[in-house]
Each structure stands twice: as structure tokens, then as C-alpha cells.
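Undergrad: First the structure, which I've put down as C-alpha cells, then a few questions once you've had a look.
Read-outs: derived from the displayed coordinates by stated rules, not from any lab. What you see is a predicted model; the values in this text were computed from it and never measured. Note that each Cβ is placed from the backbone with ideal geometry, even for glycine, and that neighbours are counted across all protein chains shown.
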Amino acid sequence: MKKLLGLVLVITLLISVAALTSLKPNTMHTMEGTWELQSFYNYDGQEVVDTANLQEGYRQVKMYYHGNVMWSRTDPNDTIGRFGFGSYRITDTDLIETIEYGDYYMMQALDTLREFTFELELKDDTFSQISFDSDGNRTFSENYKRID
């Protein structure tokens, strides 16, 4: 009886170890978290031609949680803060944000455009959302760093 109980214990242990160490498929990095804008890039087609750092006092933060996105921006040259809220999804190559509501100026812009599609370069603690023209050429990017 002790041998049978020992054998069952060993088999259970082996199955548990195998389940814990089994290969998991590669998963895409997650957007979930809070991100702060660090810089902008200007492109000439596919190559970065200029890096623009943030003006002192300018701050933009985005938060991605449970399929929702919220962003807020403070510009020292503008007395009105900006914000927006909506949903997002990512693919292997794109970030798609659908804005549902925001500040007065965002609501005016939403009359013509609600869905924003960006090329996405996502790493563990940084990401770039890259705008492109109708021919698919990169034009401009916002570059973020994870802060939470």
C-alpha cells in the first residue's frame, strides 16, 4: 500500500512539474498600463529625420486598461487641458483607438474622425504610435515610456 501511495505521489508531482514548465506560446507585449510621452519623431517616408523633445511644462499621459484608453495633455501654451476616452485594440502591427468622448475640442474633431489607426512599435517599457499618410509612408510618431 505504501508503494502504491508513493507511486501516486511521484506521478502527481511529475504531472504538476510538467504542467508548470510546459512551453507557453509567445504572447504579444501588453499595452496595459500608464504611459508618458517622451518625444516625437518626424519621418521622411520610413526613416526618422528629426527628433523633437517636449517643451518644458508639456505633459501627455495615456492609460490603457481592460480594452479602454484614456489620455490627458497639458500644454503650457494652452490654458485648456485636453483629454479623451474610448476603446483600443492592438494587432501584430497596429494600435487602433476609437475615441468616444473628450474635451470640447476633441468632441468637435470627433464629428469627422473617431477611429485612429497607428503603426505600433511595442516593447516591454516603451512604445511608439506612428502616423502614416495615404500611401503608407511614416510621417510622425509619439514615443512613450511606461510609468506604471
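Undergrad: Step through the residues of the range 120-137 one at a time and calculate ³J(HN,Hα) from phi using the Karplus curve (6.51 cos²θ - 1.76 cosθ + 1.60, θ = phi - 60°), rounding each to whole Hz and writing x for Gly and Pro.
TA: 10, 10, 10, 10, 4, 10, 9, 8, 10, 9, 10, 7, 9, 8, 5, 8, x, 7
Undergrad: Please say if the range 39-148 is rounded, prolate or oblate, where rounded means a/c under 1.5 for a ≥ b ≥ c the square roots of the C-alpha gyration tensor eigenvalues, and otherwise the choice is prolate for a/b larger than b/c and oblate otherwise?
TA: rounded
Undergrad: Still on this structure: Among residues other than residue 68 whose Cβ falls under 14 Å from its Cβ, what is the net charge (Lys/Arg +1, Asp/Glu -1)?
TA: Once all neighbours under 14 Å are counted, the net charge is -1.
Undergrad: Between Rg and the Kirkwood Rh of the range 84-131, both from Cα atoms, what is the Rg to Rh ratio?
TA: Across the range 84-131, the Cα-based Rg/Rh ratio is 1.04.
Undergrad: Which trypsin sites (Lys or Arg not before Pro) does the range 52-148 hold that lie in a coil by DSSP with at most 15 other beta carbons within 10 Å?
TA: 114, 123
Undergrad: Under the rule of at least 5 residues apart or a separate chain, name every residue whose amide H is placed under 5 Å from the amide H of residue 94.
TA: 120
Undergrad: For the range 57-74, what does the Karplus curve 6.51 cos²θ - 1.76 cosθ + 1.60, with θ = phi - 60°, yield as ³J(HN,Hα) per residue in whole Hz, taken in order and with x for Gly and Pro?
TA: Each residue of the range 57-74 in turn: x, 7, 9, 9, 10, 10, 10, 10, 8, 6, x, 10, 10, 9, 10, 9, 9, 10 Hz.
Undergrad: With a 10 Å Cβ neighbour count serving as the proxy for reagent exposure, in which order, fewest first, do 96, 130 appear? Don't skip to the end; give the middle numbers.
TA: On the way: 96 14, 130 19.
Listed from fewest to most nearby Cβ atoms, that is 96, 130.
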